[in-house]
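Here the structure is laid out as structure tokens; the discussion comes afterwards.
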Amino acid sequence: MSSTPRNAPPVCLVIRWSNHVAADAGPARLLRRLIEARLPATWAIEQPAQSTPLAAAPQLVEHALLLPRVDANFSDALADGLHRFSAAGHDVATLAVAGQPPRGQSERQLAQLGVRAIVTESNASGSGSIRPLPFGLWQASAHGTLPSRRRWLRRVGGVPQELVAGAAGPAIITADAAELIRQGARAWSELELAIDQLETANERGAIRIATVADLAAELTRQAAPKPQRSILRAA
């Protein structure tokens with residue numbers, strides 16, 4: 001397999017795996033398929049115990065914290081979740097949430113706890129976006145979802161065609177393990193097709209599959225101010 005050009009637009013696959021979904025009910029199958037395709041992914045999970053099967057491919061797995069709801073206890077739930085992952089030996093740089101995290105002090109807290117990226121659900125317009133937040137954070141909403149929510153996307157595996165052919169810029173695709181299991185065979189066929197298309201596009205250099213943590217680090221480097229060069233030479 002040829003190496004993917006570094007200037008290819010990065011595409012991140014985020015697996016949302018709720019704690020009530022058993023590993024052998026679907027996530028293990030998805031992990032095997034990603035290992036076969038040699039595609040990295042960000043696994044958003046609620047409990048460190050869910051990471052056990054992910055140890056089969058540490059080089060392809062980023063551990064992220066999944067908070068299935070945002071409420072008045074968000075700050076405490078965030079700190080508790082990150083503490084549990086840290087105690088289990090997992091550094092967490094990405095947070096996946098079901099809604100929108102509270103603005104204000106949450107950005108400072110997230111940065112202090114080592115989080116660099118927040119992945120939310122698709123925004124109101126249904127289109128994905130990636131934008132900077134205070135304290136060096138990045139917030140991303142999905143550009144494509146699996147199983148797909150729109151009928152026309154199902155014809156291309158739940159992934160917008162521009163992501164498969166070559167995205168114009170960084171993009172996020174989310175896959176919900178619980179929904180894949182609930183919708184059954186059709187959803188799994190859609191997922192298989194999407195992974196096939198992403199694998200092919202990655203191999204051809206049209207896109208570059210990356211974890212969310214890697215993308216956040218890359219965006220931070222790009223956003224860093226460049227030192228000015230003097231036009232005067234030293235005598």
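The values are calculated or read from the model by the stated rules, or taken from the named source; none is laboratory data. Because the structure is predicted, anything quoted here is derived from the model rather than measured. Every residue, glycine among them, receives a Cβ derived from its backbone with ideal geometry; neighbour counts consider all protein chains shown. With ligands, DNA and RNA removed, areas are computed over all heavy atoms of the protein, side chains included. Shrake-Rupley method; radii C 1.70, N 1.55, O 1.52, S 1.80 Å.
For D76, the requirement of being outside any strand (DSSP E or B), under 21 Å from D176 (Cβ atoms), open to solvent by 20 Å² or more (accessible area, probe 1.4 Å) and not hydroxyl-bearing (S, T, Y) is not met. When residues in the range 35-60 are screened for being open to solvent by 20 Å² or more (accessible area, probe 1.4 Å), outside any helix (DSSP H, G or I) and not β-branched (V, I, T), 4 of them pass. The condition of being in contact with an Asp or Glu (Cβ under 7 Å, 6 or more places away or on another chain), crowded, with 21+ Cβ neighbours inside 10 Å and at pLDDT 90 or above holds for only one of L110, L66, that being L66. Of the residues making up the range 196-219, those that are in contact with an Asp or Glu (Cβ under 9 Å, 6 or more places away or on another chain) and not charged (D, E, K, R) are I209, A210, T211, V212, A213. Against the conditions (1) open to solvent by less than 40 Å² (accessible area, probe 1.4 Å); (2) within 27 Å of V115 (Cβ to Cβ); (3) touching a helix residue (DSSP H, G or I) at 6+ places or on another chain (Cβ under 8 Å), A201 satisfies every one except (2).
Annotation note: Cβ proximity below 6 Å between a residue of the range 29-42 that is farther than 13 Å from I173 by Cβ and a residue that is surrounded by 18 or more Cβ atoms within 10 Å (Cβ to Cβ) (sequence gap 6+ or interchain) occurs for R33/I195; A37/I195; A37/E199.
For the range 79-92, name all the residues that are assigned to a loop (DSSP other than H, G, I, E, B), surrounded by fewer than 20 Cβ atoms within 10 Å (Cβ to Cβ) and in contact (Cβ under 8 Å) with a residue 12 or more places away in the chain. Across the range 79-92, the qualifying residues are A88, H90, D91. G144: within 15 Å of T174 (Cβ to Cβ) and not charged (D, E, K, R), yes or no? When the stated conditions are applied, G144 passes them. Scanning the range 8-28 for residues that are farther than 14 Å from A49 by Cα and buried (at least 16 other Cβ atoms within 10 Å of the Cβ) yields A8, P9, P10, V11, C12, L13, V14, I15, R16, G26. Of the residues making up the range 61-73, those that are in a loop (DSSP other than H, G, I, E, B) and without any contact (Cβ under 8 Å) to a residue 40 or more places away in the chain are R69, V70, D71, A72, N73.
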